[in-house]
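Below is one structure, written out as structure tokens; comments come after it.
The values are calculated or read from the model by the stated rules, or taken from the named source; none is laboratory data. Note that the coordinates shown come from a computational prediction; the quantities given were computed from them, not determined experimentally. Reconstructed Cβ throughout: ideal geometry from the backbone, glycine too, with neighbour counts over all protein chains shown.
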Amino acid sequence: MTAEGNQRVAATLKEGDRRPSREVRTGAEAIVRVLKAEGVEDVFGLASGKLSPLFRALARSEGFRYTGVRHEAAAGFMATSVYAACGRIALCLGETGPGGLNLMTGLGGAAANSLAVLAVTSSNASRMTSPARGAFSSTDNERVFGAITKWSATVRDAARIPEVLHRALRVAHTGRPGPVHVDIPADVLSAECEYDLAELEAPPRSYRALLAPIPPAPALGAAAELLLRAKRPLLVGGGGVARAGAERAFRALTERLCAAAITTQMGLGVLPSDHPSFIGQGGLIGGPAVVRAMREADVMLAVGCRFSSFMWIDGPPKWTDVPERQLIQIDIDPQVLGQNVPLTIGLMGDAREALEGLLGALAHGRQSEAELSWSASLRQERQQYVDRLLGEATAYRSERMHPAVLMRAVREHVRPRDFVTLDGGHTSFWSNEFLPALEPRTRFHEPGMAHLGFGLPAAIALARAYPDRTSFCITGDGAFGFTIQELDTARRYGAKVITIIHNNQAWGVIRAGQRAHGFDFGTDLSGTDYAAIARAFGCYGERVDRVDQIGPALERAADSNLPAVIDAQVDFLPHPMVGAFGASTAAR
């Protein structure tokens with residue numbers, strides 16, 4: 001604060017008054033005050049010139065955990081993972097020009113997976129923009145970010161910073177969560193303005209609704225009646241169940257209805273994978289029992305699930321695919337209801353409120369022998385499928401490991417509350433089968449955009465936010481290369497992340513597809529020693545070739561107290577559901 005500003009504020013005070021109701025602050029300092037009132041704790045970015053006023057304000061303020069990345073895309077991945085894990089919005093930063101453009105990569109997954117993130121970029125001084133005068137690194141950030149965020153705006157007057165940030169936070173949290181973006185030119189960040197402290201420190205309840213919407217009782221009653229009449233009920237738990245903290249209600253409903261249940265990639269753990277009702281996770285890649293259940297169910301209850309292509313069988317759904325099926329869909333976003341699959345009953349509301357309302361509307365459960373036998377047959381089919389996969393993997397003989405055997409060995413060292421990020425297309429398929437999800441918000445895919453390279457940054461952010469829990473990154477060698485530089489970030493901040501690489505020395509899925517058409521072009525990734533690279537970054541690194549080496553290597557990695565990389569040599573073996581997954585987005 002300037003001396004002149006202090007004098008102006010002091011002049012408004014009388015002897016004995018409490019602290020002033022207004023203060024002179026820079027635009028950057030106003031941002032910090034608003035974010036602190038919102039409860040933002042984590043900030044991810046890269047030291048940069050145009051953002052210097054904001055970095056200075058952050059450095060002078062307590063209560064923020066800053067992580068400096070080596071590439072802005074990682075900042076977006078990190079902020080996204082914080083919301084995915086705990087529902088708390090985080091801030092990611094991007095410099096004018098390339099810094100902001102890099103940041104967009106990490107926000108793509110937030111948009112596609114319904115995860116709230118606040119992105120703040122800088123731009124050149126206002127006198128050099130709108131319209132641009134040719135200053136280097138100039139970008140129209142508001143327009144560019146508008147394509148991948150729920151809302152994008154530019155602040156051209158420092159006095160409006162609190163108002164704009166409150167609006168951004170309201171949009172990010174309201175309805176279907178998602179990323180929002182605010183661009184603040186360098187001169188606005190450094191400009192001084194007299195602010196009302198009540199506005200800077202306003203609690204979230206004053207500018208956004210905190211109470212979750214509840215579906216109307218008559219609609220809940222109608223849905224309950226439909227479920228009670230079902231002969232083959234199927235429940236689908238999506239990311240909305242995890243975000244709403246509705247896992248207990250979802251589990252209770254499956255038990256009350258004696259229903260079969262699956263979880264989407266964003267809903268991993270909302271029903272433990274060892275629960276008697278569980279028949280698979282991740283949509284159709286969960287195996288043939290999932291596919292059969294989706295084809296045979298007469299009543300399907302989908303909660304917080306948008307029916308993305310992970311849920312499509314043989315391509316996008318048609319209105320005539322299963323005409324006799326009845327669908328009850330619950331979602332906080334009314335635009336999702338009936339978007340991909342025709343509805344019988346659509347309930348707009350919070351997942352937990354809706355599920356608890358359904359439980360209350362169910363006067364009794366369902367226990368008929370026919371109903372129980374359908375669910376039991378699905379569980380048996382799933383178990384036979386998993387046993388067959390594991391048997392084939394165990395019998396496999398090669399100089400390299402079968403990916404299923406690798407994951408079976410890794411699971412012995414992953415506790416239920418440990419975090420696991422699953423990165424890389426084919427790698428995540430095998431991980432889905434052999435790495436159980438027993439609690440919600442502990443296993444993380446990036447299914448909506450399928451960004452390769454999100455796994456390591458996400459695991460680092462989780463390790464920073466929850467240092468008492470181990471964070472694992474399960475990745476492919478191709479995916480790992482996208483953000484390998486963040487090993488430096490992990491080492492600098494002491495983030496205890498253990499990365500296990502499925503190293504088949506190729507872009508495996510792409511190579512398999514090319515070879516099926518008689519060629520192989522640009523898919524080779526052989527010759528890289530990822531363990532040596534890890535050691536060069538100051539991390540622990542070890543290569544393993546046999547399954548009996550996995551356990552001891554993971555123990556040494558944990559004992560090192562360093563970020564660690566286990567470079568596991570595997571063969572590429574097509575997952576049995578990869579064909580069905582490919583067909584889900586094929587033209588038909």
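A few notes on this one:
- Selected residue [farther than 17 Å from Arg379 by Cβ, surrounded by fewer than 22 Cβ atoms within 10 Å (Cβ to Cβ) and not assigned by TED's automatic domain parsing to the domain that holds Phe434] from Arg292, Arg325: Arg325
- Of all residues in region 356-400 being of a type in the set (Gly, Ala, Ser) and buried (at least 18 other Cβ atoms within 10 Å of the Cβ), the one that is modelled with the highest pLDDT: Gly357
- Residue within region 290-303 that is over 22 Å from Ala223 (Cβ atoms), outside any helix (DSSP H, G or I) and modelled with pLDDT of 90 or more present: no
- All told, Ala463 falls short of being in the same structural domain as Val414 (by TED's automatic domain parsing) and closer than 12 Å to Leu422 by Cβ.
- Filtering region 393-428 to residues that are outside any helix (DSSP H, G or I), touching a Ser or Thr at 6+ places or on another chain (Cβ under 9 Å) and among the aliphatic types (A, V, I, L, M) leaves Val414, Val420, Leu422.
- Here Val117 meets the list (1) over 22 Å from the mean Cα position of the chain (by Cα); (2) crowded, with 24+ Cβ neighbours inside 10 Å; (3) at pLDDT 95 or above almost entirely, failing just condition (1).
- Residue selected from region 545-563 under the condition surrounded by 18 or more Cβ atoms within 10 Å (Cβ to Cβ) and touching a residue at least 60 places away in the same chain (Cβ under 8 Å), by the criterion nearest to the chain's Cα centre (by Cα): Pro563
- Residue count for region 50-63 satisfying the condition of being in contact with an Asp or Glu (Cβ under 7 Å, 6 or more places away or on another chain) and farther than 10 Å from Val32 by Cβ: 2.
- Any hit, region 238-250, residues being among the aromatic types (Phe, Trp, Tyr), at negative phi and not assigned by TED's automatic domain parsing to the domain that holds His275: no
- Contact annotation: residue pairs with Cβ atoms under 9 Å, 6 or more positions apart or on different chains, pairing a residue in region 339-360 that is assigned by TED's automatic domain parsing to the domain that holds Gly245 with a partner that is buried (at least 16 other Cβ atoms within 10 Å of the Cβ) and of a type in the set (Phe, Trp, Tyr), are Gln339/Phe307; Asn340/Phe307; Asn340/Trp312; Val341/Phe307; Ala351/Phe250; Arg352/Phe250; Leu355/Phe250.
Let's see how each residue does on (1) surrounded by fewer than 24 Cβ atoms within 10 Å (Cβ to Cβ); (2) not in a loop (DSSP other than H, G, I, E, B):
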position: Leu54; (1), (2): no, yes
position: Leu58; (1), (2): yes, yes
position: Tyr66; (1), (2): yes, yes
position: Gly76; (1), (2): no, yes
position: Ile89; (1), (2): no, no
position: Cys92; (1), (2): no, yes
position: Thr96; (1), (2): no, no
position: Thr105; (1), (2): yes, yes
position: Gly109; (1), (2): no, yes
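- In this structure, Ile550 does not qualify as outside any helix (DSSP H, G or I), β-branched (Val, Ile, Thr) and within 27 Å of Arg397 (Cβ to Cβ).
- Among the residues listed as Thr499, Thr523, Thr489, the single one being of a type in the set (Val, Ile, Thr), crowded, with 17+ Cβ neighbours inside 10 Å and within 26 Å of Arg411 (Cβ to Cβ): Thr499
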